[in-house]
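Peer 1: I'd like to ask you about the structure that follows.
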């Protein structure tokens, strides 16, 4: 039998799915802002972040209310607590998309990405979009089976992260310190973003 | 009247205090490892991190058990949920101390920190030790009044973080790209560490 309580749980998971799509959209826009040196898109990501934070606040309040009023136990308790952790993870992923947008904004009208690194940064951005989409699909379907795939995507991200450093340290690097710092930070943001997607997917696999 | 339930809550907060001291110790050792290029100390920080992670796991299990068996409400529910969030924050702070130790290890027997930046990195390390100690004291005393002070410490950290970038970008910088990348990442780790201490202190002020 469906109850109002179960409807609340379902709605909460849907809201988390909504938050995941907001983060995916932010990351996609940040990638464009970075590669196209598009100030307007960068500003939109930065401005939209407070909407992500608002959804997190609503979700956290809903979790507290469910814990107080419904006293969930066993699997449902694990689900409710997992929602709390996943919303925190998603907020952090949104922040990382904002960090990338801010690098784009800081270097505008120049691009922060030297031409010969565009391919690699594009690939990191695509992996970032992919992992958050997969993590979101698994979450909404309450299906942890995408975890392995997301971990492999994360491995590819880590490999790109390491490879970028070797390029920065190569004698052929002729874009100076500023570009090296930008790329170091951008690469770190992408790498962390994928780590968070893995931790989200692990949580879904364990507790959903 | 004191009950077994209240004893459990108290013990949980004490455990969180214990975890905070472990993180403070990790950060203090990482600072030494980095500035003295001390491989042995770096290895100790890296090896000890799993103890921090274990305390987090124990705490998380205790939180789930309290939620399931005691059905806390109102202020006690907020406290219990806050413990969950703070343990996640502390685990992340421990990871950042490990990241700093790993930079020290990677550059051993050289130092990752050029001589003229030692003073600034030392100061960032001291602020990091300070904020985690203050956050831990406030937590154990269930006293949020240190928040303002911790936020001011964090402002100093942010100022040092920004100042480091201006030094890296200065025409006088003659330590090359590798040192610039190391300093960029180290500085970012310290800056994030202080951010986490602020978020921990905010949580204590709001929910303890």
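The values are calculated or read from the model by the stated rules, or taken from the named source; none is laboratory data. Just so you know, these numbers come straight off a predicted model, no measurement behind them. Because the Cβ atoms are built from the backbone with ideal geometry, glycine has one as well, and the counts that use them run over all protein chains shown.
Peer 1: Being free of Cβ contacts under 8 Å to residues at least 60 places away in the same chain and surrounded by 15 or more Cβ atoms within 10 Å (Cβ to Cβ) is the filter; apply it to the stretch A:166-177 and report the residue that is farthest from residue B:166 (Cα to Cα).
Peer 2: A:167
Peer 1: While we're looking at this one, here's another question. For the stretch B:60-71, which positions are surrounded by 20 or more Cβ atoms within 10 Å (Cβ to Cβ) and without any contact (Cβ under 8 Å) to a residue 40 or more places away in the chain?
Peer 2: B:67
Peer 1: Out of B:159, B:135, report the one residue that is assigned to a helix (DSSP H, G or I) and buried (at least 21 other Cβ atoms within 10 Å of the Cβ).
Peer 2: B:135
Peer 1: For residues in the stretch A:106-126 being surrounded by 21 or more Cβ atoms within 10 Å (Cβ to Cβ) and touching a helix residue (DSSP H, G or I) at 6+ places or on another chain (Cβ under 6 Å), which is farthest from the other protein chains (Cβ to nearest Cβ)?
Peer 2: This residue is A:125.
Peer 1: Right, something else. Restricting attention to the stretch B:26-43, does a residue exist that is within 14 Å of chain A (Cβ to nearest Cβ), in contact with a helix residue (DSSP H, G or I) (Cβ under 8 Å, 6 or more places away or on another chain) and buried (at least 17 other Cβ atoms within 10 Å of the Cβ)?
Peer 2: The answer is no, given that none of the residues of the stretch B:26-43 is within 14 Å of chain A (Cβ to nearest Cβ), in contact with a helix residue (DSSP H, G or I) (Cβ under 8 Å, 6 or more places away or on another chain) and buried (at least 17 other Cβ atoms within 10 Å of the Cβ).
Peer 1: Go through the residues of the stretch A:198-206 one by one and say whether even a single one is more than 10 Å from every other protein chain (Cβ to nearest Cβ), closer than 23 Å to residue A:107 by Cα and either part of a helix (DSSP H, G or I) or in contact (Cβ under 8 Å) with a residue 40 or more places away in the chain (or both).
Peer 2: No, the stretch A:198-206 has no match at all.
Peer 1: For residues that are part of a helix (DSSP H, G or I), over 26 Å from the mean Cα position of the chain (by Cα) and within 7 Å of chain A (Cβ to nearest Cβ), tally how many sit in the stretch B:57-85.
Peer 2: 2
Peer 1: Another question, then. Quick check: anything in the stretch A:90-98 closer than 23 Å to residue B:75 by Cα and touching a residue at least 40 places away in the same chain (Cβ under 8 Å)?
Peer 2: The answer is no, given that none of the residues of the stretch A:90-98 is closer than 23 Å to residue B:75 by Cα and touching a residue at least 40 places away in the same chain (Cβ under 8 Å).
Peer 1: When you look at residue A:129, is it farther than 24 Å from residue A:17 by Cα and either at pLDDT 95 or above or in a helix (DSSP H, G or I) (or both), yes or no?
Peer 2: So residue A:129 fails the test.
Peer 1: Of these, A:20, A:89, which one is in a helix (DSSP H, G or I), away from chain B (no Cβ under 13 Å) and touching a helix residue (DSSP H, G or I) at 6+ places or on another chain (Cβ under 6 Å)?
Peer 2: Being in a helix (DSSP H, G or I), away from chain B (no Cβ under 13 Å) and touching a helix residue (DSSP H, G or I) at 6+ places or on another chain (Cβ under 6 Å) holds for just one of A:20, A:89, which is A:20.
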